[in-house]
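Written out below as structure tokens is the structure these notes cover.
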Amino acid sequence: MLTGHGAAGGASNGAPDIAALDRNDPLKDKRALFSIPDGVLYLDGNSLGVLPRAVPARLAEAVTKEWGESLIRAWNEHGWIDLPQRVGDRIARIVGAAPGQVTACDSTSVNVFKVLAAALALRPDRKVILSDSGNFPTDLYMAQGLRDLLGQGHELKIVAPEEVEAAIGEDVAVVMLTQVDYRTGRLHDMAAITALAHAAGALTIWDLAHSAGALPVELDAAGADFAVGCGYKYLNGGPGAPAFLYVAQRHLDHVAPPLTGWMGHAAPFAFDLDYRADTGVGRMRVGTPPILSLVALEAALAAFDGVDMGVLRAKSISLSELFRAEVERRCPDLELASPRDPQARGSQVSFRFEHGYALMQALIARGVIGDFRAPDVVRFGFTPLYLSHADVMAACDILQEIMATRAWDRPEFHKRAKVT
């Protein structure tokens with residue numbers, strides 16, 4: 001088991017023994033499964049994961065042999081029709097769900113719409129959707145759009161993250177939160193908030209975009225009602241990879257899908273004129289699944305085979321604590337935006353800096369890839385499957401140099417690109 005920065009030991013001056021940490025890393029062999037470009041220190045897996053080495057060959061096989069040779073027969077001969085559930089069950093293990101409750105489909109935004117509409121239908125006498133200001137904006141946008149579409153007097157109530165628990169009252173239909181705050185990494189206590197919501201008669205929706213594949217998630221044990229998440233961050237499924245959704249077993253028999261597409265039908269190839277919902281989580285699917293994207297995601301998920309999520313979390317904390325401590329020691333102009341307690345944050349560390357955008361561009365130019373979130377946050381993600389402690393120290397060296405020399409203050413680094 002890896003230890004954090006303060007307990008790492010091994011160096012005479014009390015500094016962490018980086019070589020020992022990496023030598024004793026139980027996940028060190030996983031790095032070979034990923035294609036990391038030379039000269040790159042990639043601290044942005046919380047935005048887009050690194051390419052797993054197995055994906056290109058698997059995609060080529062799907063294109064040339066399955067699509068190219070089997071053509072339409074591939075739906076049966078190669079199990080294309082079962083991919084959403086097959087991938088969903090692989091993700092289920094990572095997020096603490098029993099098989100049959102997760103399906104891979106659509107985008108996170110569309111899945112938010114679907115599960116929120118389904119949850120509201122289960123609480124028709126309540127009108128409040130409770131969320132927080134740290135929620136990812138698309139979740140709030142989808143809630144606003146659904147509220148206006150329904151026209152039934154629903155209210156989206158947004159409070160500060162630390163005020164969520166006190167705001168759960170008997171008027172709340174659904175508590176909808178992102179487990180890990182995308183800007184700061186602040187981690188909500190899923191079990192505690194879910195228990196409070198249920199005690200008040202409300203349901204919960206958890207967005208796992210910044211937690212699935214990065215830390216232990218226990219949907220079933222926490223009693224969660226619904227969840228969504230994306231496949232392209234810590235799950236490494238590629239840009240725009242299919243998202244996933246979770247519906248607790250106790251809701252599956254009577255949850256009403258709001259988008260009644262043919263792939264959610266009990267018998268899609270019977271071509272009935274009337275909709276009959278599929279049994280199980282399959283009823284939450286809509287249209288034809290994106291096969292090539294699902295193939296890539298399925299291949300990427302193999303990297304999690306044999307991974308204990310507790311071990312993964314221990315390494316995540318070790319990496320992020322090393323980074324936090326080194327940056328605070330070396331770069332006093334950067335203000336910690338994440339919780340100091342590693343148990344209270346996900347697998348990222350964020351700092352505030354007035355010229356954060358320019359700083360991040362300067363880092364990227366030197367091969368240290370993180371990202372920027374308005375108005376002033378530089379964000380660094382730590383993916384335990386392919387990052388080492390030596391990577392973290394090398395990134396800190398470059399960051400310290402850029403800050404000390406003000407190398408970020410060049411005109412080209414201040415010019416905003418469309419994607420930050």
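The values are calculated or read from the model by the stated rules, or taken from the named source; none is laboratory data. Note that the structure is a prediction, hence the values are computed from the model and not measured. When we count neighbours, we look across all protein chains shown, and the Cβ atoms used for this are built from the backbone with ideal geometry, even at glycine. Each accessible area value is taken on the protein alone, full model and side chains, heavy atoms only, with ligands, DNA and RNA left out. Shrake-Rupley method; radii C 1.70, N 1.55, O 1.52, S 1.80 Å.
Look at (1) over 15 Å from residue 228 (Cα atoms); (2) part of a loop (DSSP other than H, G, I, E, B); (3) in the same structural domain as residue 215 (by the TED database) and you find that residue 96 fails only one, number (1).
More than 25 Å from residue 212 (Cα to Cα), open to solvent by less than 70 Å² (accessible area, probe 1.4 Å) and either in a helix (DSSP H, G or I) or in contact with a Ser or Thr (Cβ under 9 Å, 6 or more places away or on another chain) (or both): which single residue out of 395, 362, 404 fits that description?
Values: 395 fails: more than 25 Å from residue 212 (Cα to Cα); 404 fails: open to solvent by less than 70 Å² (accessible area, probe 1.4 Å).
Unique residue meeting the criteria: 362.
Please work out if residue 95 is open to solvent by less than 10 Å² (accessible area, probe 1.4 Å) and farther than 24 Å from residue 262 by Cβ. Yes: the conditions hold for residue 95. Within segment 102-121, the set of residues being over 18 Å from the mean Cα position of the chain (by Cα) and either among the polar types (S, T, N, Q) or open to solvent by 40 Å² or more (accessible area, probe 1.4 Å) (or both) comprises 121 only. For beta carbons closer than 6 Å, sequence separation of 6+ or different chains, a first residue in segment 404-420 that is among the aliphatic types (A, V, I, L, M) and a second that is assigned to a helix (DSSP H, G or I), the qualifying pairs are 407/362.
The residues of segment 185-199 that are in a loop (DSSP other than H, G, I, E, B) and open to solvent by 20 Å² or more (accessible area, probe 1.4 Å) amount to a single one, 189.
Scanning segment 106-153 for residues that are assigned to a loop (DSSP other than H, G, I, E, B), more than 21 Å from residue 179 (Cβ to Cβ) and in contact (Cβ under 8 Å) with a residue 12 or more places away in the chain turns up 123, 126, 127, 152, 153. Within the set of pairs 6 or more residues apart or between chains, which connect a residue that is open to solvent by less than 10 Å² (accessible area, probe 1.4 Å) inside segment 215-226 to a residue that is of a type in the set (Phe, Trp, Tyr) with Cβ atoms less than 7 Å apart? Correct list of pairs: 219/246; 224/206; 226/246.
If I filter segment 234-251 for residues that are surrounded by 18 or more Cβ atoms within 10 Å (Cβ to Cβ) and without any contact (Cβ under 8 Å) to a residue 24 or more places away in the chain, do I get at least one hit? The answer is no; no qualifying residue exists. Taken as a whole, segment 336-347 holds at least one residue that is of a type in the set (D, E, K, R) and either surrounded by fewer than 17 Cβ atoms within 10 Å (Cβ to Cβ) or touching a Phe, Trp or Tyr at 6+ places or on another chain (Cβ under 8 Å) (or both).
Only one of (1) over 17 Å from residue 237 (Cβ atoms); (2) open to solvent by 50 Å² or more (accessible area, probe 1.4 Å); (3) out of contact with any helix residue (DSSP H, G or I) (no Cβ under 6 Å at 6 or more places or on another chain) fails for residue 26. Which number is that? Going through the list (1) over 17 Å from residue 237 (Cβ atoms); (2) open to solvent by 50 Å² or more (accessible area, probe 1.4 Å); (3) out of contact with any helix residue (DSSP H, G or I) (no Cβ under 6 Å at 6 or more places or on another chain), residue 26 breaks only (3).
Mind telling me which of the residues 80, 75 ends up being aromatic (Phe, Trp, Tyr) and buried (at least 21 other Cβ atoms within 10 Å of the Cβ)?
Numbers: 75 fails: buried (at least 21 other Cβ atoms within 10 Å of the Cβ).
Answer to the selection: 80.
Here is the figure for segment 348-359: residues that are buried (at least 21 other Cβ atoms within 10 Å of the Cβ) and over 21 Å from residue 216 (Cβ atoms) total 6.
Every test in (1) touching a Leu at 6+ places or on another chain (Cβ under 7 Å); (2) open to solvent by less than 10 Å² (accessible area, probe 1.4 Å) is passed by residue 372 save one, and that test is (1). In segment 29-72, of all residues being surrounded by fewer than 17 Cβ atoms within 10 Å (Cβ to Cβ) and acidic (Asp, Glu), the one that is nearest to residue 241 (Cα to Cα) corresponds to 61. Kindly establish whether residue 243 is among the aliphatic types (A, V, I, L, M), in the same structural domain as residue 176 (by the TED database) and farther than 15 Å from residue 84 by Cβ. Answer is no for this residue. Got at least one residue in segment 311-325 being out of contact with any strand residue (DSSP E or B) (no Cβ under 6 Å at 6 or more places or on another chain) and part of a loop (DSSP other than H, G, I, E, B)? Checked segment 311-325: no residue is out of contact with any strand residue (DSSP E or B) (no Cβ under 6 Å at 6 or more places or on another chain) and part of a loop (DSSP other than H, G, I, E, B). Cβ-Cβ distance below 8 Å, separation of 6 or more or different chains: which pairs start in segment 23-43 with a residue that is closer than 17 Å to residue 318 by Cα and assigned by the TED database to the domain that holds residue 383 and end on one that is part of a loop (DSSP other than H, G, I, E, B) and open to solvent by 70 Å² or more (accessible area, probe 1.4 Å)? Pairs found: 26/1.
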